[in-house]
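Worksheet for the structure shown next.
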Amino acid sequence: MQLQQRKRSQWFARRTESLLPAIDGRKPPCILANDCGGCSLQHLNDSSQTDWKHRQLDKALSRIGEIDHPSEPVLTDPSLALGYRNRALIPLHRDAEGKLRMGYYRRGSHRIVNLNHCPVLDPRLDALLEPIKQDLQATDWPADADLHQGDGLRHLGLRLGSRTDAVLLTLVSSTSDLEGLHGLAQEWCRRWPQVKGVTLNLQPQRNNKVLGTQTRLLCGEEQIEERFCDLSLLLGTTTFFQVNTPQAEAVIQRLCSWLLQNAGPTTVIDAYCGIGTIALPLAAQGHTVLGLELHEASVDQARLNAARNHLETVQFKAGDVKALLANALPSHEALVVDPPRKGLEPEVVDQILECPPRWLAYLSCDPATLSRDLKRLAGDSGVYDVDQLQPVDFFPQTTHLECLALLRRR
Ligand SMILES: C[S@@+](CC[C@H](N)C(=O)[O-])C[C@H]1O[C@@H](n2cnc3c(N)ncnc32)[C@H](O)[C@@H]1O
């Protein structure tokens with residue numbers, strides 16, 4: 001181990017070498033495991049990873065949330081411990097000798113660990129990495145994800161409709177001034193029939209946002225189809241969509257059946273709805289749904305997907321949940337929240353506590369912020385009882401864990 005940095009009373013260390021295999025350890029499936037910052041649990045076998053994640057969740061729930069309701073066993077799909085990602089955005093860098101590097105950052109640094117394969121990526125995308133890298137190597141386009149060296153390519157984006165096989169490729173660049181760009185995009189569409197489109201996303205800002213706001217079509221179609229919960233969804237270059245399609249579907253189906261069994265067809269707010277990944281399946285089950293989402297392009301996409309699936313009982317509003325929720329709460333029986341990692345803002349929890357809908361479903365990607373929010377919503381002075389806490393492993397080999405909390409008003 002090499003000690004790297006101290007944050008308050010905690011030291012962070014980097015594993016440099018394994019001298020003895022741990023009892024529950026194994027040879028990691030990725031040859032770059034000791035260097036790449038992507039998947040830090042792959043030295044543990046699959047069941048030990050799940051146990052570790054479950055313990056982290058239970059610790060957070062009891063220490064931060066003071067919740068004594070036991071959580072269910074973690075929902076896993078052993079057939080998808082690897083090869084589950086339907087999307088990747090991979091940094092690019094061309095060095096002074098002209099060699100192109102493509103890969104994720106080394107732990108704790110901004111140095112790219114060069115890769116040709118990524119075992120957690122769906123094999124249908126993984127097979128494209130090496131030939132695309134070779135094609136990019138053969139151009140004279142500059143590449144530097146961080147833009148320290150000036151303008152050029154920044155990231156390679158790959159997106160898969162895991163149920164349709166359709167692929168959308170994206171070059172993220174600070175400039176469109178790349179000679180032969182259209183020709184290479186056409187070559188990719190010709191060579192691989194599953195590549196339905198190639199886009200250029202312009203991100204000229206020197207910040208850590210991977211994608212910019214402008215996307216140009218280079219070849220084929222701008223969006224690909226994915227099938228999700230028996231619906232047909234169109235996904236574009238910048239669309240947020242859950243990266244593990246089957247696991248996302250499993251947890252959303254769990255949420256939908258819990259609500260239908262308990263409340264029958266009812267009125268539901270889907271706050272932080274993205275492109276309607278939860279709102280649309282709920283509407284398909286007969287609920288009347290209002291989706292709230294900050295990102296306007298996602299709202300447009302959600303409306304398009306509602307029309308595409310002939311769903312008429314769902315509406316979407318663009319804006320901040322904090323500004324829209326209080327007005328919507330009195331006319332709805334159920335609320336679904338799926339916030340970013342930072343969880344619910346205190347004002348949003350205040351609004352829920354002031355006018356609590358009968359049913360509350362909270363899908364969280366961070367056990368610590370979920371626990372913090374549950375303490376207020378379902379603790380001694382809260383207004384909800386916990387019905388179920390269902391952890392779900394969307395991201396095997398990494399430390400991340402999703403959890404669905406299903407609550408009923410006391
Ligand atoms: C974890 S994603 C969930 C998206 C969607 N439920 C899904 O499963 O695909 C969180 C979403 O919340 C949106 N968001 C973040 N802050 C927000 C806010 N203050 N008000 C409304 N939406 C917000 C983001 O744009 C993003 O689409």
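Each value in this text was obtained by applying a stated rule to the coordinates, not by laboratory testing. The shown structure was predicted, so the numbers you read here are calculated from the model rather than taken from an experiment. Don't worry about glycine lacking a Cβ; one is built from the backbone with ideal geometry, like all the others, and counts go over all protein chains shown.
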- Item | the chain: C-alpha gyration tensor shape, a/c 1.5 cut-off, then a/b vs b/c | oblate
- Query: Could you give the distance between the Cα centres of the range 98-143 and the range 299-362, to the whole Å?
  - Reply: 38 Å
- Against the longest alpha carbon principal axis of the chain, how many degrees, from 0 to 90 and to the nearest 10, is the axis of helix 181-191 turned? 80 degrees
- Task: Rank-order 292-303, 129-140 by packing density, defined as the average count of other C-beta atoms within 10 Å over each peptide's residues, highest first.
- Result: 292-303, 129-140
- Using the alpha-carbon atoms, what tilt in degrees (0 to 90, nearest 10) does helix 367-378 show relative to the longest principal axis of the chain? 20 degrees
- What pairs from 7/342; 59/322; 317/375; 7/375 go past 23 Å between their alpha carbons? 59/322; 317/375; 7/375
- Message: Test of understanding: ordering 76, 399 by Cβ neighbours within 10 Å, fewest first, what list do you get?
- Response: 399, 76
- Which of the peptides 34-47, 278-291 is most tightly packed, and how do the rest follow, going by the mean number of other Cβ atoms within 10 Å of each residue? 278-291, 34-47
